[in-house]
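Undergrad: I have a structure I would like to understand better, so I am pasting it below and will then ask my questions one at a time.
The values are calculated or read from the model by the stated rules, or taken from the named source; none is laboratory data. As the structure is a prediction and not an experimental result, all values here were calculated from the model. Methodologically, a virtual Cβ is constructed for each residue, glycine included, from the backbone with ideal geometry; neighbour enumeration extends over all protein chains shown.
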Amino acid sequence: MTSVTEIEHLVEKYRSWVKDKTSLKSVHTDWVEITTPFLDRHNDAIQLYVKSENGGYLLTDDGNTIRDLELSGCVLNTPKRKGLLEIAAKGFAVDATDDVLSVRTNKENFAIRKHSLIQSILAVNDLFYTANSIVRSLFREDVEAWLKEAEIRFLQNIPFIGKTGYPHQFDFAIPPSRKAPERILRAINNPSKDATESLIFSWLDTRDVRPEDSIAFAILNDSERSIPSNVFEAMRNYQIEPVLWSNREASMARLAA
């Protein structure tokens, strides 16, 4: 049986990893560049920029995230893509004005707001995989349409506050019934190492504040690519149930219960 002490140790190791792999550098006059351990779709470290402003701080990606998507051919000029961008930004209380992702914060909330900005950048990065040449439709919409077609009741875009106080957003939540406990779902269009680690931390931080029998599911898009075996292993090690999109019907009964 998994103990609270064991999970606390894992969360502490995660915090230490983030601290050890983060570096700072002064750029220009007012700005400090933060290089994080999180990777974008090019496997480059995500960088943030921060400066003092009005007694607090402005944190931004300097427009790099959306600019890179557009240079790669994923122009956010359709209602669906704009809607997904809004979800990826506003779901984490991140501003996307003029294609720059940013948050304003103070000393007390700096860590949480920085975490939210990084999670938003990772979510927006995933929009690359909505380009017509890679995938025909938005994966999250496909999952939603399947849940509706299967008459599985659900809530969508559910934010939970974890044990650390960090916010975590899940795509769908299926309320408990007499036959089954609460089920929390995240649709992962690009099941990369970063996306897997992000989900693991979200679940580790969240499950202690959810009902004890809650179950986490990861719906993995394998339409255009095979999923590495270590993704399944990592998720199962932390009691997350991976579901291949190509084999989703096998999980229908458990989700519909």
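Undergrad: When you scan region 42-49, do you find a residue that is at pLDDT 90 or above and among the small types (Gly, Ala, Ser), even just one?
TA: yes
Undergrad: Only residues that are closer than 21 Å to Ser116 by Cα and aromatic (Phe, Trp, Tyr): list them for region 187-225, please.
TA: Matches in region 187-225: Phe201, Trp203.
Undergrad: Turning to a different aspect of this structure: Six or more apart or on different chains, Cβ under 7 Å: which pairs go from a residue in region 43-68 that's surrounded by 14 or more Cβ atoms within 10 Å (Cβ to Cβ) to one that's small (Gly, Ala, Ser)? Could you list them?
TA: Note: pairs meeting the criteria are Leu58/Ser102; Leu59/Ser102; Thr60/Ser102.
Undergrad: Restricting attention to region 36-58, which residues are under 20 Å from the mean Cα position of the chain (by Cα) and either closer than 20 Å to Asn106 by Cα or outside the structural domain of Thr97 (by TED's automatic domain parsing) (or both)?
TA: Once the filter is applied, which keeps residues that are under 20 Å from the mean Cα position of the chain (by Cα) and either closer than 20 Å to Asn106 by Cα or outside the structural domain of Thr97 (by TED's automatic domain parsing) (or both), region 36-58 yields Thr36, Gln47, Leu48.
Undergrad: Determine if region 20-31 includes at least one residue that is closer than 16 Å to His115 by Cβ, outside the structural domain of Arg207 (by TED's automatic domain parsing) and exposed (fewer than 14 other Cβ atoms within 10 Å of the Cβ).
TA: Looking for residues that are closer than 16 Å to His115 by Cβ, outside the structural domain of Arg207 (by TED's automatic domain parsing) and exposed (fewer than 14 other Cβ atoms within 10 Å of the Cβ), one finds at least one in region 20-31, hence yes.
Undergrad: Limited to region 173-186, what total is found for residues that are surrounded by 22 or more Cβ atoms within 10 Å (Cβ to Cβ) and within 26 Å of Ile118 (Cβ to Cβ)?
TA: Summing the residues that are surrounded by 22 or more Cβ atoms within 10 Å (Cβ to Cβ) and within 26 Å of Ile118 (Cβ to Cβ) in region 173-186 gives 3.
Undergrad: I need every pair where a residue in region 11-33 that is in contact (Cβ under 8 Å) with a residue 40 or more places away in the chain has its Cβ under 8 Å from the Cβ of a residue that is among the charged types (D, E, K, R), sequence separation at least 6 or different chains.
TA: Val11/Lys163; Val11/Asp205
Undergrad: Can you name every residue in region 89-118 that is assigned to a helix (DSSP H, G or I) and aromatic (Phe, Trp, Tyr)?
TA: Hit for region 89-118 is Phe110, nothing else.
Undergrad: Considering region 105-129 alone, what residues qualify as being charged (D, E, K, R) and surrounded by 15 or more Cβ atoms within 10 Å (Cβ to Cβ)?
TA: Arg113, Lys114, Asp126, listed by residue number.
Undergrad: Is it the case, given these coordinates, that Ser246 is crowded, with 18+ Cβ neighbours inside 10 Å, modelled with pLDDT under 95 and of a type in the set (Ser, Thr, Tyr)?
TA: No: the conditions fail for Ser246.
Undergrad: To continue, here is another question. Which number in (1) surrounded by 13 or more Cβ atoms within 10 Å (Cβ to Cβ); (2) within 17 Å of the chain's Cα centre (by Cα); (3) outside any strand (DSSP E or B) marks the one condition that Glu86 misses?
TA: Going through (1) surrounded by 13 or more Cβ atoms within 10 Å (Cβ to Cβ); (2) within 17 Å of the chain's Cα centre (by Cα); (3) outside any strand (DSSP E or B) one by one, Glu86 breaks only (1).
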